[in-house]
Amino acid sequence: MSTISDVAKRAGVSPVTVSRVINRVGNVNATTQQRVEQAIEDLGYVPSGVAQSLRSKRTRSLALIVPDIQNAFWTTVARGVEDAAQSRGYSVFLCNTDENAAKQQRYLDVVISQRVDGVLIAPFGSEARDLSRLLDRNIPTVVIDRHIEGWEVDSVSGDSLSGARALVSHLITLGHRRIAMLAGPAATATAADRVAGYRIALAEAGIAEDPRLIWYGEYKALSGERMMAQALDAGGDPTAVFAANNAIA
């Protein structure tokens, strides 16, 4: 197995110069950099990730923690995260929580032990204490598609409330007044926002809310089937359904 010294010898430079090229720290002219890169390719040299991380205190790795990778939405998110990370020299650990608080905490312990440089997470729960492991260690974090109370954390999310309001308003314009709301987990901000949008649309149309038509579950197909059965058995007599995501639908 080739070493950094072998690369340096082949390229006719010092190991320090090879290290600068590998770590992209600059101060290397274009001709020398090309010579080093060619030597790395010729020798099939692979830098030691462990050694690099010990020196730089960085692992050039990120963790992406999502609720359900089988959901096409999260598959698309994962692809976007990986593309962006790879283009900047980072690797991504993918973790699937199944909207399970205990599983989420176990994954947080794992990614912290792996000393990832940052975490992107669609968390189960909406309070800062749910992510205290990240907050206490000051690990760079981005929250995806959820809201966290008590932590001014970077986040990227869609407008669930306005989207739900628009969708339910559309059903109302089609003549429906008894619309079943099949939501996600009550503890998640997206479910709360979508139910809030549903309620706003009903209120704006002067339609009284019927609790027999509002059901919380999981963002999964089996949960959608169960909630639909509950809505039908409860006697609310829905004529239309607002499913909170594609899996439920």
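Numbers at a glance
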item	result
For Cα extents along the principal axes in Å, calculated from these coordinates, the label among (i) 81, 34, 30; (ii) 74, 46, 33; (iii) 57, 48, 31	(i)
0 to 90° range, to nearest 10: angle between helix 30-43 axis and the chain longest Cα axis	80
Probe 1.4 Å, protein heavy atoms only - accessible area per residue of the chain in square angstrom	55
Label-point separation in nm, Glu149 to Arg212, each point 7 Å along Cα→Cβ	3.1
Residue (of Ser61, Ala244, Val46) at the positive-pole extreme of the chain, dipole from beta-carbon charges	Val46
Calculated SAXS-style log₁₀ I(q)/I(0) at q = 0.21, 0.28 Å⁻¹ - segment 184-249, Debye, Cα scatterers	-0.90, -1.37
Degrees separating the helix 221-233 axis from the principal Cα axis of the chain, which is the longest one	10
Ordering of 181-190, 154-163 by packing [mean C-beta count within 10 Å, highest first]	181-190, 154-163
Local net charge near Gly236, Cβ-Cβ under 10 Å (Lys/Arg +1, Asp/Glu -1)	-1
Most mobile of Arg146, Arg178, Arg35 in a GNM of the chain (Cα contacts under 10 Å)	Arg35
Residue list for segment 76-107, given a label point 7 angstrom along the Cα-to-Cβ vector of Ser132 and an amide N cut-off under 19 Å	100-107
Descending semi-axes in Å of segment 102-194, equivalent ellipsoid built from Cα gyration tensor	34, 12, 10
Accessible surface of the chain [probe 1.4 Å, protein heavy atoms]: carbon and sulfur percent	51
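The values are calculated or read from the model by the stated rules, or taken from the named source; none is laboratory data. These figures come from a predicted structure and were not determined experimentally. Methodologically, a virtual Cβ is constructed for each residue, glycine included, from the backbone with ideal geometry; neighbour enumeration extends over all protein chains shown. Accessible surface is based on the protein model in full, side chains and every heavy atom, while ligands, DNA and RNA are left aside. Shrake-Rupley method; radii C 1.70, N 1.55, O 1.52, S 1.80 Å.
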